Every structure is written in structure tokens, then in C-alpha cells.
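Novice: Can you keep this structure in mind? I'll have questions shortly.
Please treat every number below as a calculation from the coordinates, not as lab data. Predicted, not measured: the structure shown is a model, and the values here were computed from it. Cβ coordinates were reconstructed from backbone atoms using ideal geometry, including for glycine residues, and neighbour counts include every protein chain displayed.
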Amino acid sequence: MNIPTKNFNIDHKSKMPLHVQVEELFRKLIKIEPFSKGALLPKEVDLANLWGVSRNTIRQATNKLEHEGLIVRKKGIGTRAAEKKNLVTGLDHWYSFTREMQEKGIEVINLLLKTETETPGETVCNFFNVTPDKKLFKLSKLKGENSDEPIVYFESYFHPRIGISKEDDFNIPLYTMLQERYGVVVHQSRENISASNAGAVIGKKLKVPASFPILKRERFVYDINGKPVEYNIGYYRSDKFTYSIDITKSSEI
């Protein structure tokens, strides 16, 4: 097996569950050559023997990565890292984009970060219950895996009671910053998702033609007391992003 021993070991004395440790090892494994180039990953039985865990533990971890679209398994052939096509997000994972991508083993960077105060439109004013002439703090972010690959452009407005300012650190996950600095714990969001053309302004930011199809997601975020915190609108490149929805059938007939 072509697996480095350094930083690729299981700590059997750790309080962290074995399947979580195995999952993290897989996330690191698919990022290094030759596996990042499409080579088949070692067999489950070999990894189980190497790491001193059961095959069920290996399978539990790979099931999660397969569900996230990070690996592909083909019967009779084997398992390999998935080709990088679309990033996938779920409606049950509405927290910060940066944190969500980190959980998937994907590092995104800020290609643009801009703060300003601006008079928002009617939708934002109604959500925050502020007058139309009220200027609100606005945060704009363009995110991607590198400077040539923008993925999504965000614009956020925040309720004035929070007191957010340009001095805050917006390079860390947003909701982490809100909780640590302002004691604001986000709890619920309502989302509207639609398809549209990029248009000239958004197309230029995402490096696509104005007629290019994009996913538009509008998000209304509330704290644990049901008070509005953030209005966020995101424009996702449809060739790089997929929204995934898991639905569980109710037990009621």
C-alpha cells in the first residue's frame, strides 16, 4: 500500500470515535498523490489491518464520504477519489459556507472581501423592520478554491442592534465570529432558492457570461430568540455547485 505512516495513524487511546478518526484519515488520503490523481484507494481489509479497526468502521467512514460526493465506489473495481466537479451543500447545513466546505475537506479562500454601509432594498427593510432610509452594514464576499476558480458570491446585511463593524475579522467563519464577539447564536434560517442568469455584474464576479445559469439562494437568519440576524443572498455557479435535499417520510399516513 502506498500510504505514508506519518500523520496517518489511529490513536486508540483518543476519546474521538474510531470511525471519525478513520474519516479524517480518508479526507487527507484523497488529497495526496497518487490518490488525488485517481488511483484506487487500498482495499477495506488492508486498511482495517493497517489501522487496527474493523471493516465496519472503515465502511462507516467511506459511506459518509461517498454521500458527500468525495469518493466513488464501483463494484468489482474499487474506490477512488471523486473528480472535482460540483460542490454539494444540503439544506440541513445552512451554517457558514467556509465551515461547511472545511467539513468536506475543501479549503476555500476569500477572493474578494468588502465592507460598507448601504441603504438596503424593501425586502431587507421589511425583514429587519427598519425604515427605508436606514443604512445597514453590508458584507460582500467572493469565494473560490483559487484565484482562477470563483464559486460563489455572497452579500449579507446585518441587523443594526448587533453592532457589527468593519473592524471585525471576516476571514473566520461568520457565525463563529458572531457568537464569540457579539454573543449572537444563530439558530434558524428560511431559504428561497431559484435559478436565473448571472447578469453582467454577477457574471463578471463569477467569471461567466451574463447569460450563464446560476443558483440564487436567499437566506433569512434568526437567533435563538427568533430575532432577525442576517439577510444573505448567494449566487452560485451552477457548473460548480449542487444543492442536495434529504427528505425523510413522516410516520403519519
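Novice: Once phi is turned into ³J(HN,Hα) by the Karplus curve 6.51 cos²θ - 1.76 cosθ + 1.60 with θ = phi - 60°, what whole-Hz value does each residue of segment 73-83 show in order, with x for glycine and proline?
Specialist: Going residue by residue, I get 10, 10, 4, x, 10, x, 10, 9, 5, 6, 5 Hz, with x marking Gly and Pro.
Novice: Let me ask another. Using +1 at the C-beta of Lys and Arg and -1 at the C-beta of Asp and Glu, which of 236, 208, 157 has the Cα lying farthest in the positive direction of the dipole of segment 89-244?
Specialist: The listed residue farthest towards the positive side: 208.
Novice: Taking neighbour Cβ counts within 10 Å as the exposure measure, how do 50, 29 sort from fewest upward?
Specialist: Details: 50 17, 29 21.
Placing the least packed residue first, the sequence is 50, 29.
Novice: Something else now. Among 205, 74, 143, 227, which comes first, second and so on when ranked by fewest other beta-carbon atoms within 10 Å? The partial results should precede the final answer.
Specialist: Numbers: 205 16, 74 9, 143 20, 227 13.
In increasing order of surrounding Cβ atoms, one gets 74, 227, 205, 143.
Novice: If the cut-off is 17 Å between C-alpha atoms, which aspartates and glutamates fall inside it for residue 135, apart from same-chain ones fewer than 8 positions away?
Specialist: Partners found: 116, 118, 122, 155, 230.
Novice: Oh, and also: Can you pull the semi-axes for segment 15-76, root of five times each eigenvalue of the Cα gyration tensor, sorted largest first, whole Å?
Specialist: Working: eigenvalues 62, 33, 29 Å².
Ellipsoid half-lengths, sorted descending, are 18, 13, 12 Å.
Novice: From the cross-link list 37/64; 64/207; 64/141; 37/240, which pairs have alpha carbons spaced over 26 Å apart?
Specialist: 64/207; 64/141, as the Cα separations exceed 26 Å there.
Novice: Take the alpha carbon atoms of segment 111-128, find their center, do the same for segment 46-61, and report the distance between the two centers in whole angstrom.
Specialist: 49 Å
Novice: Rounded to a whole number of µm²/s, how large is the Stokes-Einstein D of segment 89-244 at 25 °C and 0.890 mPa s, given Rh as the Kirkwood radius over C-alpha pairs?
Specialist: Answer, rounded: 152 µm²/s.
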